[in-house]
Each structure stands twice: as C-alpha cells, then as structure tokens.
1. Name the residue, out of 87, 21, 196, whose mean-square fluctuation peaks in a Gaussian network model built on the chain with Cα pairs under 10 Å.
2. By how many degrees, between 0 and 90 and to the nearest 10, does the Cα long axis of helix 137-147 differ from the longest principal axis of the chain?
3. Taking a virtual spin label 7 Å from the Cα of residue 209 along the C-beta vector, which residues in the range 141-158 bring their backbone nitrogen under 20 Å of it?
4. In a GNM of the chain with a 10 Å cut-off on Cα contacts, which of 278, 50, 186 has the highest mean-square fluctuation?
5. Quick one: angle between helix 191-203 and the longest Cα principal axis of the chain, in degrees between 0 and 90, rounded to 10, please.
6. Sort 194, 127, 154 so the one with the fewest other Cβ atoms within 10 Å of its own Cβ comes first.
7. Only Cα pairs under 8 Å and at least 6 apart count here; give the relative contact order of the range 14-171 as a rounded whole percent.
8. Viscosity 1.306 mPa s, temperature 10 °C: Stokes-Einstein D of the range 14-171 from its Kirkwood Cα radius, in µm² per second?
Ligand code: C5P
C-alpha cells in the first residue's frame with residue numbers, strides 16, 4: 001500500500017428537521033411597487049416537520065427525491081425551492097453543487113404552512129454543513145430572503161414579528177406553549193392567487209390592513225392562556241381564502257362546533273388551525289374532527305419550536 005493514497009471516506013449524509021410555520025397574526029397591506037405586499041405578521045413554528053437529507057454524489061449535478069406528503073405532485077427540477085437553495089449555497093461557498101437531496105415531507109403541501117420555504121431553509125443549513133461552508137447569520141439570512149419571504153423565518157423558527165414582505169424579523173421571547181389541531185383539505189391555494197384575491201376584495205371595500213401586532217406580541221411574551229389567545233388571532237387573508245375555497249367556512253364552523261377555542265386559516269390557506277386549551281383538549285378535538293369528516297387529514301401540533309438555525 002506504500003505510496004498509494006487511501007480513497008476518501010464517503011462523507012456521511014446530513015439530515016436536518018425543519019418545522020412548519022403558522023401566522024397567529026397576519027396583517028396584509030397594499031401591494032408594493034415590486035408586486036409584494038407589505039406584511040405585519042407574527043410567525044410561530046409548530047411541531048410538524050419535514051426532514052431534508054443531503055449527501056455528496058460523484059456524478060455532477062443535483063438529484064432530488066421526495067417521499068411523504070405531496071411526493072407525487074412536487075417538482076423535482078430547478079423549480080423546487082430545495083434545489084434553488086442548494087445551488088445558492090454552493091455558489092456562496094464556491095463548491096460544485098453535486099449533491100443528492102431527499103425530502104421526507106410531513107408538512108402539508110401548498111397548505112399555508114410554508115412547507116416549501118421550510119425545505120429551502122433546511123437545505124441551506126444541511127448543505128452548509130455537508131460542504132463545511134463558513135457562513136454567518138446575516139449572510140444566511142440574505143440567501144434565505146432571496147429564496148422567498150418566509151424562508152428567513154423558517155431558518156430560525158420560534159416566534160418572530162415579520163415586517164417588509166415578511167423577511168424582516170424581530171425575535172419574540174415567549175412565555176408559554178400553545179396547542180393546535182391542524183386540518184388539511186383536499187384543495188390547494190397558491191400564495192400569489194390568495195394575495196390577488198385580497199387585492200380584489202379590497203377594491204370592493206372588503207378587508208383592511210391589521211398592522212398592529214403589539215397586543216398579540218405582549219400576549220405571547222407573557223404566556224397568556226389559549227382562551228385569551230383565541231381572541232387575538234388575526235388573518236387578513238382569511239376572507240380571500242374562504243372566497244376562493246368556500247368549503248373552508250364549513251370546515252371552520254365544524255371545528256368550532258366540536259369545541260375548538262378558535263378557527264384560523266393558516267397563512268394563505270387552505271389548511272385550517274384550531275386552537276385547543278391544552279394537549280389533552282387537542283387530542284380529543286382531533287379525534288372528534290376525524291370522526292366528523294370534512295378534512296383531508298387532521299394533525300396535532302404545538303408551538304413554538306426552534307428552527308434548524310436557531
Ligand atoms: O416570497 P415568496 O416567493 O414566498 O412569495 C410567493 C408569491 O406570493 C410572490 O411572488 C407574491 O406574488 C406573493 N407575495 C406577496 N407579498 C408577500 C409575500 C408573497 O404578494 N409579502
């Protein structure tokens with residue numbers, strides 16, 4: 001063996017779990033000159049996770065495989081945000097983007113839970129570890145913001161106020177934990193479609209910009225009970241989501257009839273969140289929602305939970 005170089009040990013795969021996000025407060029302002037809407041939101045990560053696994057491959061290029069939720073409908077090419085994220089971090093680190101990416105999806109797809117943004121955030125973190133790229137917080141945030149408005153929050157998780165188009169974050173230290181039943185539907189709503197519907201309804205005088213997040217931020221900081229939180233939930237996109245998918249109204253109504261403290265469309269929908277008083281209540285509510293029917297799937301989750309780069 002003298003004089004021979006031992007073959008490089010294959011580098012181990014890197015796996016990163018990343019949680020879904022909800023917006024307990026989602027204030028939507030007017031469309032800006034760049035087409036994005038000004039947001040005043042409070043994000044919170046909840047315990048529904050995708051897992052992104054990356055490993056080096058000998059062949060050039062990126063190979064993406066997907067299992068779980070939406071595996072049959074998600075794009076596997078350059079349109080997938082995980083592929084975009086891998087390319088971006090490879091350029092930043094001046095490495096060849098020769099990587100196998102596997103997404104194991106449990107976050108409902110196109111459901112208003114930022115599953116695609118979560119995968120992008122996790123891919124940035126996983127690839128930076130795989131390729132041992134030194135990158136500071138500010139630079140990671142800049143790359144994430146280039147991928148999508150929700151991606152910076154998905155890196156950090158927890159609870160944060162989001163301004164600008166959602167990417168300007170201020171962390172909130174919370175004093176509690178809250179429990180949700182997450183009901184998905186068999187339809188999808190694309191985010192741009194829902195923003196357009198918000199604009200259309202505004203032209204008809206329906207809806208306003210809920211810009212003030214102070215009350216709910218103070219409530220999270222002080223760890224208020226779920227009862228009080230139920231009165232503070234806001235979503236300026238809810239009317240638009242229900243207008244696009246009227247069946248959401250009966251799903252929301254059904255959850256309230258089964259004892260939820262509040263029904264709240266998640267982001268741009270169509271997933272509906274039902275607030276529960278505690279974990280026992282969430283489990284009982286989920287059971288009743290499953291028996292009642294009307295949702296595609298029913299999960300329980302709690303938040304806040306940390307993101308992959310917390
Ligand atoms: O930022 P992201 O790529 O996730 O946004 C997807 C689309 O949602 C944008 O192209 C835009 O149409 C809409 N959007 C918006 N205002 C925001 C965020 C997203 O109008 N603040």
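None of the figures in this text is laboratory data; all of them are computed from the coordinates on show. Please read these numbers as outputs of a predicted model, since none were measured by experiment. Quick reminder, even Gly has a Cβ in these numbers, built from the backbone with ideal geometry, and neighbours come from all protein chains shown.
1. In this elastic network of the chain, the residue with the biggest mean-square fluctuation among 87, 21, 196 is 196.
2. 70 degrees
3. In the range 141-158, the label zone of residue 209 (backbone N under 20 Å from the point 7 Å along Cα→Cβ) covers 149-150.
4. 186
5. On a 0 to 90 degree scale, this one is about 30.
6. On the way: 194 23, 127 28, 154 31.
Ascending number of Cβ neighbours within 10 Å: 194, 127, 154.
7. Working: 343 pairs, mean separation 48.6, N = 158.
Once normalised by length, the contact order is 31 percent.
8. Details: Rh = 15.7 Å.
Once the numbers are plugged in, D ends up at 101 µm²/s.
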